[in-house]
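Novice: Here it is, the structure, as structure tokens.
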């Protein structure tokens, strides 16, 4: 009988964290009712305090994880189940069968549509092969971008005809539809903008040097969170941040996603005159962090914690530990 252990648990939580961090606005990850304990486990893992995770002696009570990934405004979703011993690379058994599975659910979905999605899932899993994070790649690079295209084409929104468009092109289409602070045509080039990227990882010394170089030449302030996943946050003038974003896109690494590029709202203007203002420090220079908790501390320090919390990166009140 397959048994979940701490090694399996941490590897599954690592992939779940990557999936959660890669979600764009309007995309949802939900654990099924009998798996709600996994919400708490993912919260603990994301905080970096792995010592609080269950030990091997407590694994027998832990349910096999099943979760749904969907859009807020669409009637089709993907349901993913990890086998208890799933650790990414070992997703296929000796007979070539997947140890974990993806099923397609929906309201009023026809059998033909369900079969079409099922065939697509099989095709993409075969393409992905025995990689470290197959379901993360399947969802972020293939299924969710296609689901957005299907949903938006139903709403008569013009989208590229190529259903296998590059991940950055697909992400840009989604980003445009969810941009919370669109810039007007007469926006001053000196207006302060900020942008947030999440990637599968940020390890390469070459990429790190490029980010530092661009931050200097373009007068960008911000930071990069190294390791798995990678996080890049940049602030500067509208023109400089837009150029920085294009430079980052040009580097191309696994599942790079632009979470937002928008005008930076002055939070002090949104407070009433009778509200006591907390001291917020400035973002200066370019920094590198190793942990999600450090990202949260930095964003809290400059009064922008909500920007990363709303994107599913960390949680309010979390620290570096």
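Novice: Tell me yes or no: at least one residue of the range 19-26 is more than 23 Å from residue 255 (Cβ to Cβ) and at pLDDT below 80.
Specialist: Within the range 19-26, not a single residue is more than 23 Å from residue 255 (Cβ to Cβ) and at pLDDT below 80.
Novice: Looking at the range 102-116, which of its residues are within 27 Å of residue 15 (Cβ to Cβ) and at pLDDT below 85?
Specialist: Result: 106, 109.
Novice: Restricting the first residue to the range 293-311 and requiring it to be touching a residue at least 60 places away in the same chain (Cβ under 8 Å), which pairs with a second residue that is surrounded by fewer than 17 Cβ atoms within 10 Å (Cβ to Cβ) meet a Cβ separation below 6 Å and a spacing of at least six or different chains?
Specialist: Once the first residue is touching a residue at least 60 places away in the same chain (Cβ under 8 Å) and sits in the range 293-311, its partners that are surrounded by fewer than 17 Cβ atoms within 10 Å (Cβ to Cβ) give 293/319; 293/320; 293/321; 294/320.
Novice: Regarding residue 221, is this residue at pLDDT 50 or above and within 20 Å of the chain's Cα centre (by Cα)?
Specialist: Values: at pLDDT 50 or above: yes; within 20 Å of the chain's Cα centre (by Cα): no.
Taking the combined requirement at face value, the residue does not satisfy it.
Novice: Is it true that some residue in the range 241-248 is assigned to a strand (DSSP E or B), in the same structural domain as residue 293 (by TED's automatic domain parsing) and at pLDDT below 95?
Specialist: Scanning the range 241-248 turns up no residue that is assigned to a strand (DSSP E or B), in the same structural domain as residue 293 (by TED's automatic domain parsing) and at pLDDT below 95.
Novice: Additional query: Looking at the range 44-78, which of its residues are exposed (fewer than 15 other Cβ atoms within 10 Å of the Cβ), touching a residue at least 40 places away in the same chain (Cβ under 8 Å) and either within 26 Å of residue 112 (Cβ to Cβ) or out of contact with any helix residue (DSSP H, G or I) (no Cβ under 8 Å at 6 or more places or on another chain) (or both)?
Specialist: 49, 60, 72, 73
Novice: Let me ask you something else. Look at residue 132 and say whether it is within 19 Å of residue 76 (Cα to Cα), outside the structural domain of residue 228 (by TED's automatic domain parsing), modelled with pLDDT of 50 or more and surrounded by 12 or more Cβ atoms within 10 Å (Cβ to Cβ).
Specialist: No.
Novice: Can you name every residue in the range 136-162 that is modelled with pLDDT under 80 and touching a helix residue (DSSP H, G or I) at 6+ places or on another chain (Cβ under 6 Å)?
Specialist: 159
Novice: Oh, and also: Anything in the range 27-44 that is assigned to a helix (DSSP H, G or I) and either modelled with pLDDT of 90 or more or under 16 Å from the mean Cα position of the chain (by Cα) (or both)? List them, or say none.
Specialist: Passing the criteria: 37, 38, 39, 40, 41, 42, 43.
Novice: Go through the range 215-238 residue by residue and tally those that are farther than 12 Å from residue 287 by Cα and surrounded by fewer than 18 Cβ atoms within 10 Å (Cβ to Cβ).
Specialist: Adding up the residues that qualify gives 6.
Novice: Give the residue that is surrounded by the most Cβ atoms within 10 Å (Cβ to Cβ), with candidates limited to residues of the range 79-92 that are in a loop (DSSP other than H, G, I, E, B) and at pLDDT below 85.
Specialist: Step by step, filter the range 79-92, then rank; the result is 91.
The values are calculated or read from the model by the stated rules, or taken from the named source; none is laboratory data. Everything numeric in this text was worked out from a predicted model, so none of it was measured. Every residue, glycine as well, gets a Cβ built from its backbone with ideal geometry; the counts of neighbours run over all protein chains shown.
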